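Any read-out appearing in this document is the output of simple, stated calculations on the displayed coordinates, not a laboratory observation. Everything numeric in this text was worked out from a predicted model, so none of it was measured. Note: ideal-geometry Cβ built from the backbone for every residue, glycine included; neighbour counts use all protein chains shown.
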Amino acid sequence: MRPRYESVIFDLDGTLADTEPLVIGCMLDTINAHGHAVDEELLLKFIGPPLPVMLYNMLGLDGEQSHAIYMDYLKRYEDVYMPQTRPLPGAEPLLDALGAAEVPLAVVTNKREDAGRKTVELLGWTDRFETIIGADTASDPKPHAAPLLHALEILEGEPESAVMVGDTESDMGAGRNAKFAGVIGIVGVRDADYLRRFGATHTADNLVGVQRLLFSV
């Protein structure tokens, strides 16, 4: 198999790491603990951007209110939820295949960079990625192009030969805004039509499907 792209950038939560239930559970616990009645159905409509942006979009909370919830969330997640992190099915075979093909890899997450690095370290993947970019690393988080272009500069790649793999509209929008050759959306939190509306050039049901899209026979 030959890789179709010269650089691959992955989202982390819900893309490579099976953290979606952990993130959602921690968000719900934290937001409700601060007196805001939010259920999973409502939360899923807004998930994708960094939590302070979500809180503004979902509840209209100002910066001070959002910051207090965000800091509580970070501590709660690191202490209680992060240790439960596991890879999604197909993640390690996919990373193995890309590594064997010597394709440069990066993670771009809307977590803070330190949280992204801790998650990658917990999974034993530190040596698999050239860089980990968080919401606080570049000038703007996804869906802005800045974090992807920053990662691509470190990978010494070009947008016309790069691909973004993720599962939300923030990932799709970032890939489109960075003018990447490929933007692969994993169906789950969002359906295929929704992901294509926000910039996906391809969609897959899982990481096995992603691997088929990343390689040509």
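Would you mind calculating the gained length between Asp140 and Ile154 on full extension (0.36 nm times residue separation, minus the Cα-Cα distance), in nm to one decimal? Don't skip to the end; give the middle numbers.
Working: separation 14, 0.36 × 14 = 5.04 nm, distance 1.69 nm.
Extending this stretch completely gives an extra 3.3 nm.
Mind listing the phi-derived Karplus ³J(HN,Hα) values for the stretch 134-147, rounded to whole Hz, using 6.51, -1.76 and 1.60 with θ = phi - 60°, and x for any glycine or proline? Computed from phi, the couplings for the stretch 134-147 are x, 5, 9, 8, 9, 5, 8, x, 4, x, 4, 6, 3, x Hz. Taking the DSSP beta bridges with both ends in the chain, the antiparallel portion is around 15 percent. The local environment of Ile31, defined by Cβ-Cβ distances under 13 Å, has a net charge of -3 under the rule Lys, Arg +1 and Asp, Glu -1. Less than 5 angstrom separates the built amide H of Ile133 from those of Val107, Val108, Thr109, all sequence-distant by 5 or more or on a different chain.
Near the amide H of Phe215, within less than 5 Å, lie the amide hydrogens of Arg4, all on another chain or at least 5 residues away, with H placed in the peptide plane.
Rounded to the nearest 500, what is the chain's calculated 222 nm mean residue ellipticity when only DSSP H runs of at least 4 contribute -39500 (n - 2.57) each, over all residues? Let's see the in-between values first.
Numbers: 10 runs with 97 residues, N = 217.
Mean residue ellipticity, 222 nm, calculated: -13000 deg cm²/dmol.
Taking a ≥ b ≥ c as the square roots of the eigenvalues of the Cα gyration tensor of the stretch 20-150, is the shape rounded (a/c under 1.5), prolate (a/b larger than b/c) or oblate? Verdict is prolate for the stretch 20-150. When the convex hull of its Cα atoms is viewed from all sides, the stretch 125-172 shows a mean projected area of 3.7 nm². In whole Å, how far is the Cα centre of the stretch 60-134 from that of the stretch 193-217? The stretch 60-134 and the stretch 193-217 have Cα centres separated by 21 Å.
For the stretch 74-217, what D do you get in µm² per second when you plug the Kirkwood radius from alpha-carbon pairs into Stokes-Einstein at 4 °C and 1.567 mPa s? Once the numbers are plugged in, D ends up at 84 µm²/s.
Would you work out the Kirkwood radius for the stretch 20-83? I mean one over the mean of 1/r across all pairs of different Cα atoms, in Å. Provide the component values of the computation, followed by the final result.
Details: mean 1/r = 0.0863 Å⁻¹.
Evaluated over the stretch 20-83, this radius sits at 11.6 Å.
Database remark: amide H of Thr19 closer than 5 angstrom to the amide H of Gly14 (H placed geometrically; neighbours at sequence offset of 5 or more, or on other chains; Pro and chain starts carry no H).
What does the charge add up to near Ile9, with Lys and Arg as +1, Asp and Glu as -1, over the other residues with Cβ less than 11 Å from its Cβ?
Numbers: positive: Lys142; negative: Asp11, Glu130, Asp171.
Taking every other residue near Ile9 into account, the sum is -2.
Fully extending the segment from Leu42 to Glu78, taken as 0.36 nm per residue of separation minus the present Cα-Cα distance, adds 10.6 nm. Positive end of the dipole of the chain (Cβ unit charges, origin at the Cα centre): among Thr19, Leu94, Thr203, the Cα lying farthest that way belongs to Thr203. Rounded to whole numbers, the Karplus 3J(HN,Hα) couplings from phi for the stretch 23-37 are 4, 5, x, 5, 4, 4, 4, 6, 4, 5, 5, 8, x, 10, 7 Hz, using 6.51 cos²θ - 1.76 cosθ + 1.60 with θ = phi - 60°, and x at Gly and Pro.
Taking R0 as 35 Å, what FRET efficiency do you get between Glu130 and Ala192 from their Cβ-Cβ distance, rounded to the nearest 0.05? It would help to have the intermediate numbers written out before the result.
Numbers: r = 30 Å, r/R0 = 0.85.
Approximately 0.75, to the nearest 0.05.
Along the stretch 127-132 the Karplus relation, 6.51 cos²θ - 1.76 cosθ + 1.60 evaluated at θ = phi - 60°, assigns HN-Hα couplings of 7, 7, 10, 6, 7, 10 Hz to successive residues, with x for each Gly and Pro.
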